[in-house]
Amino acid sequence: MSSITHGFVCCGLVAFLLAPASVAAQDQSEPEGYRTENYRAATPATLAGAHVVTTAEAEQIWKAGGAVFIDVMPHAPRPANLPAGTIWREKPRRNIPGSHWLPDTGYGALAPVTEDYLQTNLSRLTEGDRTKPLLIYCLRACWMSWNAAKRILGMGYVNVVWYPDGTDGWTEADLPLQESMPEPPSSQ
């Protein structure tokens, strides 16, 4: 095989191996409802009604204080079956500084208590102003942020910004992160 032919074969093989991953992300269309399973998968590039931003755009918004940043990464609860006296150490969540962590609000179906938790915190964080910009994120290729942003739009908030690369993109850009704790339920 000539070196030119070998080069074409190698380039073709590399293109073939990389194509499925990039095509899958580009071909993912918006579902009518919420994603209810396989949350760690390619997400659509769009969200009807929301403004989708890159890491550079999210950084500009963050530096300008132009939105309330909301992290919707799920929170691992203390296992119910731990023996008495077992020490449970929370896994720390590192998110974008100044963010408000509203865990478990990106699932496809929410329990009434979780939906109330989301609504109450959004109202508090926006001071009841449904025009206040809200930037929603989680991780890259995570439907939690897409679902949460869609849900928030459905609640009547009109300036929803979706940051699909989340803390993965933020970390890759070498931007700061801070340890975070979930926002407490309204009864606390």
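The values are calculated or read from the model by the stated rules, or taken from the named source; none is laboratory data. Everything quoted here is computed from the prediction, not taken from an experiment. Every residue, glycine as well, gets a Cβ built from its backbone with ideal geometry; the counts of neighbours run over all protein chains shown. The protein model used for the area step is the full one, side chains on, heavy atoms only, and it has no ligands, DNA or RNA in it. Shrake-Rupley method; radii C 1.70, N 1.55, O 1.52, S 1.80 Å.
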Could you compute how much accessible surface Ser29 exposes when probed at 1.4 Å, giving the result in Å² to the nearest 10? 80 Å²
Sorted largest first, the C-alpha extents of segment 38-188 along its principal axes in whole angstrom are 47, 34, 29
Given H placed 1.01 Å from N in the peptide plane, which residues other than close sequence neighbours of Leu135 have an amide H under 5 Å from its amide H? Val68, Phe69, Ile70, Val161
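Per-residue counts of other Cβ atoms within 10 Å, averaged by peptide: what ranking do you get for 111-117, 165-171, highest first?
The packing order, highest mean first, is 165-171, 111-117.
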Compactness summary of segment 141-188: radius of gyration and Dmax from Cα atoms, Å, are 13.5, 37
Listed highest first by mean packing, meaning other Cβ atoms within 10 Å per residue, what order do 119-129, 79-89, 151-161 come in? 151-161, 119-129, 79-89
Show me, for segment 50-58, the HN-Hα J-couplings you get by feeding each phi into the Karplus relation (A = 6.51, B = -1.76, C = 1.60, θ = phi - 60°), rounded to Hz, glycine and proline as x. 10, 9, 8, 10, 8, 4, 4, 5, 4
Two-site label geometry, Glu57 and Asn38: point separation in nm, points 7 Å out along Cα→Cβ: 2.7 nm
Whole-Hz couplings from phi, Karplus 6.51/-1.76/1.60, listed for segment 86-96; x for Gly and Pro: 6, 7, 10, 10, 4, 7, x, 10, 9, 10, 5
Equivalent ellipsoid, segment 89-174 (semi-axes from 5 times Cα gyration tensor eigenvalues, Å): 21, 15, 13
Report the extension gain between Thr46 and Lys132 in nm, rounded to one decimal, defined as 0.36 nm multiplied by the number of residues separating them, less their alpha carbon distance. 28.9 nm
In sequence order, calculated HN-Hα J values of segment 157-170 (Karplus, 6.51, -1.76, 1.60; Hz; x Gly/Pro): 7, 9, 10, 9, 10, 10, 10, x, 7, x, 5, 5, x, 4
Using the beta-carbon distance between Ala109 and Arg78 and R0 = 22 Å, what value does 1/(1 + (r/R0)^6) give for FRET efficiency, to the nearest 0.05? 0.45
